[in-house]
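The values are calculated or read from the model by the stated rules, or taken from the named source; none is laboratory data. All values derive from a computational prediction rather than experimental measurement. When we count neighbours, we look across all protein chains shown, and the Cβ atoms used for this are built from the backbone with ideal geometry, even at glycine. Heads up: the accessible areas ignore ligands, DNA and RNA and are worked out on the full protein's heavy atoms, side chains in. Shrake-Rupley method; radii C 1.70, N 1.55, O 1.52, S 1.80 Å.
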Amino acid sequence: MSESLRNDGRIWVPKKKGDTRPPHQIPEEERDYYLERLYPSYGNLAPRDIASRRAKEVCDEGRGVGPGRGGHGVYLDFRDAIARLGRPVIAERYGNLFEMYQRITGEDPFQVPMRIYPAPHYTMGGLWVDYNLMTTLDGLYAIGEANFSDHGANRLGASALMQGLADGYFILPYTIGDYLAHAKPAKVDPQHPGFRHVQGEVDEQVRRLLAASGRKTVDAFHRELGRVMWDKCGMSRNAAGLKEAIGRIGALRDEFWRDVYVGGRGEDLNQSLEHAGRVADFFEFAELMCHDALHREESCGCHFREEYQTPEGEAKRDDERFGYVAAWEFAGVGKEPVLHKEPLAFEAVHLAQRSYK
Amino acid sequence: MHLTLHVWRQRGPGLLGGFVRYAMTDVSPDMSFLEMLDVLNQQLLARKDDPIAFDHDCREGICGACGMVINGRPHGPQRATTTCQLHMRSFSHGAELWIEPWRARAFPVIKDLVVDRGAFDRIIQAGGFITARTGSAPEANSLLVRKPDADLAMDAAACIGCGACVAACPNASAMLFVAAKVSHLGLLPQGQPERDTRVVTMVAQMDAEGFGACTNHGECMAACPKEISIDFIAQLNRDYWKAVVSRTPQAARKDGGDG
Ligand code: FES
C-alpha cells in the first residue's frame with residue numbers, strides 16, 4: 001500500500017503475543033501503538049526504514065497479526081481518523097487506495113484496520129551518471145529513478161515523481177540539447193563489429209538457456225534467489241549472512257545455467273525465455289547488492305547492519321569512514337566489482353544525526 | 001476451490017487457435033487471477049508443455065498491460081477491476097471459465113492471450129506533444145485551472161490504455177480510449193495550443209488503424225476498469241467538429257503538434 005496512508009492511519013499490534021482476537025475486540029489498553037510509543041514526535045510518520053524495522057521486530061516477537069505465515073502483519077487503523085475527520089474526508093484522500101486494498105483482501109478498511117507488512121519494492125541507487133545525467137557510455141543518458149543521483153541509502157515517498165520531474169524538466173532540456181549540438185551521429189550499421197559482437201553474445205545466451213538440461217523452472221530459481229535476498233540482504237543484514245548469501249548466489253547461478261528449464265523456441269514470443277534472461281541478470285545484481293552491503297560497515301538509512309547499532313537499536317552511521325557514494329564497476333560475471341569512491345562533501349548543511357524520538 | 005478453465009491457445013499470429021481445457025485444483029480464493037494462471041503455467045512447465053502467454057506488468061491495476069476476456073467480459077466479472085486485481089474469491093467452487101484474448105481486428109493476436117496493442121501507441125503518437133517551456137518552473141499561480149476542470153481532466157487521465165473498451169464494443173471501437181486521451185489534455189490550459197490539431201490527427205489515426213465507429217452501446221464504459229465515462233465521447237465529438245469546422249491550414253497537418 002502507499003506510504004501516504006500513514007498520514008492518517010495509526011499503526012499498532014496487540015500487546016500480548018499470539019493474540020488472535022479480531023481487532024475490534026482488542027481494547028485500547030491492550031494495543032501497542034509502537035511507533036507512537038517509541039517516536040513520540042514523529043509517531044506513525046517515522047521514516048520508512050525505521051517504520052519497516054520496527055514492524056519486522058514486533059512480528060519477530062510473535063505479535064504480528066493476520067492469518068498464516070506466522071502473522072506477518074501489523075494493523076494500520078483509520079478508526080480514529082474517520083471519527084475525527086468523517087468518512088467523506090478519508091474517502092476523498094485515500095478512496096482509491098482503500099478500494100485497491102479491498103479488492104486484494106476482501107476486507108473494507110472503513111470497517112476493519114488494514115494489515116500491512118514492509119517489503120522491498122525497488123532497489124536504491126542506480127546507474128552512475130555525471131552532472132549532465134550521462135552514464136559512463138558516451139551519449140547514453142540515464143534519467144529518473146534509473147540513475148543514482150538523487151537518492152542515497154533511503155528512498156523517500158514520491159521520489160519517482162520528484163526525480164522524473166527534476167531530471168526531465170530541469171536538467172535534460174539543457175544537457176541533452178548541448179550533447180546533440182556537438183555530437184556527430186555516425187551511421188547506424190548492423191554490420192558494425194560492435195553490433196555483431198553483442199548479437200553473438202545474445203544469441204549464445206539464448207542458445208545456452210534453451211539447451212540447459214531443464215530440471216527446474218525459471219520461476220523456481222527466481223523464488224530461491226528472492227528467499228536468499230530476503231533472509232540475508234533484507235531489512236537487516238550482518239557480515240556472516242552476507243558472505244553466506246554471496247556464496248549461495250554463485251552456486252545458484254551455476255545451477256541455473258546447468259539445470260534451468262525454459263522450453264519453447266527463441267524465435268517466437270517466449271515469456272519463459274524473457275523471464276530467464278531477467279533472472280540471469282538478477283543473479284549479478286543480487287551479488288552486487290550483497291557486496292555493497294558487506295563493504296559498508298555502518299548502518300545508514302535502509303542499510304541496517306546488525307553489528308552497527310546504538311543500544312536502542314537505531315542505525316549507527318560512520319561518516320568518518322563511509323562518507324562516500326560507492327560506485328561499483330562491473331568487472332564481469334562472477335568477478336569482484338571494482339570500487340570507485342565518490343566523496344560526499346557537505347558545504348552548507350552539515351551531516352548530523354537526526355532523532356525521531 | 002476447483003475450477004475448469006477453457007483457455008484460448010494460439011501459437012502465433014494468423015494461425016488457427018482454439019480452446020484448451022485445464023482442470024485446476026486447490027485454487028486459493030486469495031489468489032489473483034494472474035497468480036492462478038502463474039500456478040497453471042508452473043504445472044504446464046513441469047510437464048514440459050508450452051505455458052500460456054499473457055501480458056502483465058505492475059499487477060497493481062495501474063499500468064494497463066494485463067487484460068483478457070473472462071466468460072465474455074473484458075477483465076472478468078468485477079466492476080472497475082483489471083484482471084490483475086481480480087481475485088479468485090469472485091468465482092465459486094466448481095466454476096467453469098472461458099478465457100480469451102481481446103478480440104478486435106486492430107488488436108491482432110500475437111500468442112495465446114497476448115494481443116498487439118501498438119495501434120494505441122500510434123494513436124497517442126499521432127497526437128504529438130504539447131508546447132511547454134521546460135528548464136525553469138513557471139510561477140504556480142500563472143496558470144489557473146478551475147477545480148471542476150482539474151477533476152475532470154484527472155478522471156480522463158485515469159485511462160490506463162488497457163484496451164478493454166475495444167474488446168467490449170460490438171464495433172471494436174476505440175472511441176472511449178481516444179476520448180479520454182483527447183479530453184485529458186483538452187481540459188487543461190497546457191493542452192490548448194494544439195487542441196484542434198491533436199483531436200483531428202488522433203481521430204484520423206484511430207480510423208486508419210481499423211477500429212470501428214461508435215454507435216452508443218455504452219459497453220465500453222461498463223467494462224472500463226477505471227470507469228471512464230462516455231461523457232468524454234460526447235466531448236470528443238464536440239472537439240472534433242469544432243476543430244474541423246474552424247480548420248486552419250495548421251490544423252490539417254498530419255504530424256501532430258508543431259511546438
Ligand atoms: S498488470 Fe498492470 S494493470 Fe494489470
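Below, the figures for the structure above:
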{"quantity": "Selection count where residues are of a type in the set (S, T, N, Q) and farther than 22 Å from residue B:197 by Cβ, scope segment B:107-157", "calculated": "3"}
{"quantity": "Some residue of segment A:293-303 being open to solvent by 50 Å² or more (accessible area, probe 1.4 Å), touching a strand residue (DSSP E or B) at 6+ places or on another chain (Cβ under 7 Å) and modelled with pLDDT of 95 or more", "calculated": "yes"}
{"quantity": "Only one of B:143, B:40 that is away from the ligand (no atom under 16 Å from the Cβ) and in the same structural domain as residue B:179 (by TED's automatic domain parsing)", "calculated": "B:143"}
{"quantity": "Filtered residues of segment A:2-46 (kept if in a helix (DSSP H, G or I), hydroxyl-bearing (Ser, Thr, Tyr) and at pLDDT below 95)", "calculated": "A:4"}
{"quantity": "Filter result for residue B:79 (more than 15 Å from the ligand (Cβ to nearest atom), under 26 Å from residue B:224 (Cβ atoms) and part of a helix (DSSP H, G or I))", "calculated": "no"}
{"quantity": "Residue match in segment B:107-115 (condition: open to solvent by 50 Å² or more (accessible area, probe 1.4 Å), within 27 Å of residue B:159 (Cα to Cα) and within 13 Å of another protein chain (Cβ to nearest Cβ))", "calculated": "yes"}
{"quantity": "Complete set of residues in segment B:1-16 that are open to solvent by less than 30 Å² (accessible area, probe 1.4 Å) and away from chain A (no Cβ under 14 Å)", "calculated": "B:3, B:4, B:5, B:6, B:7"}
{"quantity": "Total residues in segment B:54-76, condition within 22 Å of residue A:106 (Cβ to Cβ) and away from the ligand (no atom under 16 Å from the Cβ)", "calculated": "1"}
{"quantity": "Filter pass, residue B:84 being within 7 Å of the ligand (Cβ to nearest atom), in contact with a helix residue (DSSP H, G or I) (Cβ under 9 Å, 6 or more places away or on another chain) and outside any loop (DSSP other than H, G, I, E, B)", "calculated": "yes"}
{"quantity": "Filtered residues of segment B:44-53 (kept if open to solvent by less than 10 Å² (accessible area, probe 1.4 Å) and either more than 8 Å from every other protein chain (Cβ to nearest Cβ) or within 9 Å of the ligand (Cβ to nearest atom) (or both))", "calculated": "B:44, B:52"}
{"quantity": "From the options A:105, A:20, residue that is β-branched (Val, Ile, Thr), over 30 Å from residue A:233 (Cβ atoms) and without any contact (Cβ under 8 Å) to a residue 60 or more places away in the chain", "calculated": "A:20"}
{"quantity": "Selected residue (criterion: nearest to the chain's Cα centre (by Cα)) from residues of segment B:21-37 that are within 16 Å of the ligand (Cβ to nearest atom) and of a type outside the set (A, V, I, L, M)", "calculated": "B:33"}
{"quantity": "Any hit, segment B:96-109, residues being within 16 Å of the ligand (Cβ to nearest atom) and not aromatic (Phe, Trp, Tyr)", "calculated": "yes"}
{"quantity": "Among (1) touching a helix residue (DSSP H, G or I) at 6+ places or on another chain (Cβ under 8 Å); (2) closer than 27 Å to residue B:81 by Cα; (3) open to solvent by less than 60 Å² (accessible area, probe 1.4 Å), the one test that residue A:7 misses", "calculated": "(3)"}
{"quantity": "Test: residue in segment B:181-195 that is of a type in the set (S, T, N, Q), crowded, with 24+ Cβ neighbours inside 10 Å and touching a strand residue (DSSP E or B) at 6+ places or on another chain (Cβ under 9 Å)", "calculated": "no"}
{"quantity": "Number of positions in segment B:167-197 that are away from the ligand (no atom under 16 Å from the Cβ) and outside any loop (DSSP other than H, G, I, E, B)", "calculated": "18"}
{"quantity": "Selection from segment A:261-273 of residues that are assigned to a helix (DSSP H, G or I) and more than 10 Å from chain B (Cβ to nearest Cβ)", "calculated": "A:273"}
{"quantity": "Matching residues, segment A:71-96, being surrounded by 16 or more Cβ atoms within 10 Å (Cβ to Cβ) and of a type outside the set (Ser, Thr, Tyr)", "calculated": "A:71, A:72, A:73, A:74, A:76, A:77, A:78, A:79, A:81, A:82, A:90, A:93"}
{"quantity": "Every residue from segment B:65-86 that is surrounded by fewer than 22 Cβ atoms within 10 Å (Cβ to Cβ) and within 20 Å of residue B:121 (Cβ to Cβ)", "calculated": "B:65"}
{"quantity": "Among (1) open to solvent by 60 Å² or more (accessible area, probe 1.4 Å); (2) of a type in the set (S, T, N, Q); (3) within 14 Å of the ligand (Cβ to nearest atom) - the single one residue B:92 does not satisfy", "calculated": "(3)"}
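Quick grid of which residues meet (1) among the hydrophobic types (A, V, I, L, M, F, W, C); (2) touching a residue at least 12 places away in the same chain (Cβ under 8 Å); (3) open to solvent by 70 Å² or more (accessible area, probe 1.4 Å); (4) in contact with a Gly (Cβ under 9 Å, 6 or more places away or on another chain):
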residue: B:131; (1), (2), (3), (4): no, yes, no, yes
residue: B:135; (1), (2), (3), (4): no, no, no, no
residue: B:138; (1), (2), (3), (4): no, no, yes, no
residue: B:143; (1), (2), (3), (4): yes, yes, yes, no
residue: B:146; (1), (2), (3), (4): no, no, yes, no
residue: B:154; (1), (2), (3), (4): yes, no, yes, no
residue: B:159; (1), (2), (3), (4): yes, yes, no, yes
residue: B:162; (1), (2), (3), (4): yes, yes, no, yes
residue: B:167; (1), (2), (3), (4): yes, yes, no, yes
